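Data block below; observations after.
The values are calculated or read from the model by the stated rules, or taken from the named source; none is laboratory data. Keep in mind it's a predicted model, so treat the numbers as computed, not measured. Here the Cβ positions follow ideal geometry from the backbone for every residue, glycine too, while neighbour counts run over all protein chains shown.
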Amino acid sequence: MKKLEEAIRQNTQIHYNLLMSNIIIHSLIKEEDKQILLLLLQDRDRNYVRINHNQQCLENIQKYLEILQPIKVAYEDLVRVGGKGDGGYVMYKPNLLCSSGGGGIPLNEVKAISLGVSESSPWDLEMAQRGYQVVEYDGSIEQCPYNHPNIAFHKRFVGVGENCISLSSIIEDNHLKKMANILQVDIENAEWEVLEQVDLALVAEYFTQVIFEFHGCNPEEDEGAKRRLKVLEKINEYYEPIHLHFNNHGKIFYSQGLFFGTTLEVSYMKKGEIPFSKEKVVEGILEGLDYPNHPSNPEIPIYFKE
């Protein structure tokens, strides 16, 4: 039975790839974009590549890109933490905000809160190795995948339900000081409800830098887009996006010359914490810092309005 199911799955995948290949090849789009779209068809699993030139889809992509377009930060002030694969993030160099960077904050007092842990959470491990006190929360695994003295694991789901712990409670329970703490969130679509419920002013009091993997940003879902854009506007009241990256193994859209991914990695800095440029980033992929989540597929270009 399993062999039959696998054969059906493979057959369905072949038919899908043939259909999409023909659509891409015969579409009136740039040759360079065609090549990227064809390469992105590889190893799609349950995800897909979709071409949708409808105005609603295009406008939602444009709105997402506008609200997430990062401000320019000096390349040398950015670092990738967690390795080159999935689970690594580009962020403002954390040491620049601590005593080693002249900020006057002892590194061993700063905490990195990680919401959403898996059997491989390389960002957590590297932050612990850098000297941060890493506090993990996830109810889907039994224990932390690493044995490191700087990592404390809590088997709790983060959310707003009865059996979940809220972000406000996490701040209170960990006795956070108002300093350069860092928050990293990858909780598989629960982030929207958490952010809708939490007081972002409170979050901004305790976290200088926040890093999200946002899920479910499907530009075809108009009501979903409205909800998520409202949350992103809420974040932008207190934080500035400094980096955006598309997960190249999620669902991928192409609309009238713009690429978009439904899974987004976004790094933010608290407003007023560093001297922000008034310029916006116009090139979406940082060589030497950004790497594809799925190595066999190319990066997804990010085209911002200049």
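Tabulated results
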quantity	calculated
Residues of the stretch 149-199 classified as within 19 Å of His215 (Cα to Cα), hydrophobic (A, V, I, L, M, F, W, C) and outside any strand (DSSP E or B), total	8
The stretch 139-187, residues that are surrounded by fewer than 16 Cβ atoms within 10 Å (Cβ to Cβ), in contact with a helix residue (DSSP H, G or I) (Cβ under 7 Å, 6 or more places away or on another chain) and closer than 25 Å to Arg80 by Cβ	His148
Where Glu220 falls short, out of the listed (1) in a loop (DSSP other than H, G, I, E, B); (2) assigned by TED's automatic domain parsing to the domain that holds Arg80; (3) under 22 Å from Met91 (Cα atoms)	(3)
Contacts under 7 angstrom Cβ, first residue in the stretch 213-234 being more than 19 Å from Asn47 (Cα to Cα), partner modelled with pLDDT under 95 and crowded, with 19+ Cβ neighbours inside 10 Å, 6 or more apart	none
Filtered residues of the stretch 180-207 (kept if out of contact with any Asp or Glu (no Cβ under 7 Å at 6 or more places or on another chain) and aliphatic (A, V, I, L, M))	Ala180, Ile182, Leu183, Ile187, Ala190, Val194, Leu195, Val198, Ala201, Leu202, Val203, Ala204
Residue match in the stretch 77-92 (condition: at pLDDT below 90, surrounded by fewer than 18 Cβ atoms within 10 Å (Cβ to Cβ) and farther than 29 Å from Leu286 by Cβ)	no
